[in-house]
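Read through the structure below, which is laid out as structure tokens, and then see the notes.
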Amino acid sequence: MKAVHAEIITIGDEILYGQIVDTNSAWMGTELAKIGIRVKQITSVSDEADHIVEALDNAKTRADIILMTGGLGPTKDDLTKDVLTDYFHTELKLDAQSLADVTALFASRGFALTELNRQQAFLPASCKPVRNVLGTAPGMWFEEAGKVYVSMPGVPFEMKRMMTDIVLPQLKAFFKTPHIIHKVIQTVGIAESMLAERLDEWEIKLPPHIKLAYLPHLGGVRLRLTGIAEHAEQLEKELETEVAKLDALIPRYIFAHGEVPLEEALGKLLKERGLTISTAESCTGGYLAHRLTSVPGSSAYFMGSVVAYDNSVKTNVLGVKPETLQEHGAVSEATVLEMAQNVRQKLGTDIGVATSGIAGPDGGTPEKPVGTIWIAYADQHGTKAKLLQYNKNRQLNIEYTALAVLNLVRQSLNIAVDE
């Protein structure tokens, strides 16, 4: 079955100036994929007629569907409707339903209809109006040479309502689309290049209608398998088979299937095992505790944290020996081991973890440069520490450290299988 491609054009200087972030395109891409339509390209253009026309000309060479957002307001800089009227060689005509909708909307807010807003009910004669029940600007649906063009407001909640109620169902009816199914596998603790090497042979043998994408992010790589086929049930089975192969190939690095953050996957594991955890944090300043408590229901396993930023707190609250700090320093294996052991004992948890390091940008020495960080793990079986060398900016050092601790806990609970 031939793939159906869409292109999204966002119109507005405010996007190009960075005054607003284009969240519309991401949402549209997700919803289009659900009905088997692939987004070929996303383009942002200025409020200039020539620029919009050029984008339309280019889009129709690549896509079956061209979706536009923005430029439908009542002011002079909103050019989309006039550009489309010229583009499709038609003229503006008053649409009775659109006029009734905008009149009713103004009346519901206790205002009389302005002439500027009345003009919004004039639409290109060759389009099918797309009702906007939440705003004043109707959408427009054009068909030409087997292609569909849809123009919608840039206001996210207006666009989403139009897409959900009208545009998506009509696109599904207009085009015969294949099924598109995504499977996401979350990995941590392995670089993208190393992961690609391990998966090379398996990836080469994937069926032609199943593609693999590597999506690196902070501290890990999301693997996305995308399958496209006419029959959804068979495709689902094929994808599950490939996911099972992945599970067998890289078991120690996979922590979840689906869009699940590491702290949520770890929290689920702690719940299942009936274990509790506490944190002793220096360089991360409570960020690790924040990650753990960002998960709903974390009170079942997270007991508390001691942010021992100053050495006096390490000794007076956590009970780190003064001689340990004097001999080894705050950023040392000996110190974090005591921090992890002591927070576990003081808060009465099954697991204690600790962080101490030089997040930067200052404070480094030749022996311990910025980015030198020690983390530790303690449970009833013993303690262990790990040295990290990041040399990144302050915020990244903190975030990477928190993820490293979460992964250390995950590995220590033996959820990974040795390869």
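The values are calculated or read from the model by the stated rules, or taken from the named source; none is laboratory data. Source: prediction; values computed, not measured. Glycine also receives a Cβ, built like all others from the backbone with ideal geometry; neighbour counts cover every protein chain displayed. Just the protein is used for accessible areas: all its heavy atoms, side chains included, with ligands, DNA and RNA removed. Shrake-Rupley method; radii C 1.70, N 1.55, O 1.52, S 1.80 Å.
Summary table below
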| item | result |
| --- | --- |
| Cα centroid separation, segment 299-373 to segment 40-99 (Å) | 59 |
| Set of lysines with alpha-carbon distance to Lys368 below 16 Å, sequence-local pairs under 8 removed | Lys386, Lys392 |
| Positive-end extreme of charge dipole, segment 257-364 - chosen from Val320, Thr355, Val295 (charges on Cβ) | Val295 |
| In segment 1-103, trypsin sites (Lys or Arg not before Pro) in a DSSP loop with at most 16 other beta-carbon atoms within 10 Å | Lys2, Lys76 |
| Low-density loop cleavage sites - GluC sites (Glu not before Pro) in segment 178-239, where at most 15 other Cβ are within 10 Å (DSSP) | Glu230 |
| Residue of His381, His290, His182 that the Gaussian network model of the chain assigns the largest fluctuation, springs spanning Cα pairs under 10 Å | His381 |
| Surface/4 of the Cα convex hull for the chain, nm² | 26.7 |
| Formal net charge of residues neighbouring Leu337 (Cβ-Cβ distance under 13 Å; K, R +1; D, E -1) | +2 |
| Net charge contributed by nearby residues that have their C-beta within less than 14 Å of Arg161 (K/R +1, D/E -1) | -2 |
| Within a Gaussian network of the chain (alpha carbon springs, distance under 10 Å), most fluctuating of Phe157, Phe255, Phe111 | Phe111 |
| Per-residue SASA entry for Leu199, accessible area with 1.4 Å probe, Å² rounded to 10 | 0 |
| Rounded, prolate or oblate (a/c below 1.5 giving rounded, otherwise prolate when a/b exceeds b/c) for segment 60-213 by Cα gyration tensor | prolate |
| Test item: Cα-centred dipole of segment 45-166, Lys/Arg +1 and Asp/Glu -1 on Cβ, debye | 520 |
| Qualifying aspartates and glutamates (Cα of each under 12 Å from Cα of Lys40; at least 8 residues distant if same chain) | Glu7, Asp64 |
| Dipole of segment 1-121, positive direction: furthest Cα of Ile66, Ile15, Leu56, with charges on the beta-carbon | Ile66 |
| Relative packing of peptides 365-371, 174-180, 65-71 - highest average C-beta neighbours within 10 Å first | 65-71, 174-180, 365-371 |
| Spatial separation of Cα centroids for segment 140-218 and segment 222-247, in angstrom | 14 |
| Candidates Ile185, Ile254, Ile42, ranked by Gaussian network fluctuation over the chain, Cα under 10 Å, top entry | Ile42 |
| Accessible surface of Lys321 - all protein chains present, 1.4 Å probe, nearest 10 Å² | 100 |
| Theoretical ellipticity at 222 nm over the chain - DSSP helices of four or more residues, -39500 (n - 2.57) apiece, nearest 500 | -11500 deg cm²/dmol |
